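Participant: Here it is: the structure, laid out below.
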Amino acid sequence: MIFQNYKEFNGKTVDFGGELYTPKEVLRLLEEKLNRPIDFVQVPIEALYQQSETFAKLVEMIDKEGYDPIDYKFISSWIPKLTGFEQWLHEIGIKKIKELYSIGN
């Protein structure tokens, strides 16, 4: 969208992102849709540093500072058919998750 309308966006900074859910909020939604409890396991920050220092620093920064607010009104004016996480989960996601779960069992 931005590349197609580059003249309008030239010189501007636009934060694009999705809805902001904490891991525990996502867990709650998954438990509701799957109708079963899921254990929440917090990965120690040290383990993240072993895998990727950049990602670990990002996680720490978000934990301390949170997220910048996203201008959903602006984004949806350009992309009016955005699907929210809960809508995606209800319409598509939970079916895919159940399929993946059945493969693993």
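Participant: Do we find a residue being more than 30 Å from Gln4 (Cα to Cα) and at pLDDT below 90 anywhere in region 65-75?
Facilitator: Scanning region 65-75, I find at least one residue that is more than 30 Å from Gln4 (Cα to Cα) and at pLDDT below 90, so the answer is yes.
Participant: Which one of the conditions (1) open to solvent by less than 80 Å² (accessible area, probe 1.4 Å); (2) out of contact with any Phe, Trp or Tyr (no Cβ under 8 Å at 6 or more places or on another chain) does Leu100 fail to meet, given that it meets all the rest?
Facilitator: Condition not satisfied by Leu100: (1).
The values are calculated or read from the model by the stated rules, or taken from the named source; none is laboratory data. Since the structure is predicted, the reported quantities are computational estimates derived from the model, not experimental observations. Backbone-built Cβ (ideal geometry, glycine too); neighbour counts: all protein chains shown. In case anyone asks, the SASA skips ligands and DNA or RNA and just uses the protein heavy atoms, side chains included. Shrake-Rupley method; radii C 1.70, N 1.55, O 1.52, S 1.80 Å.
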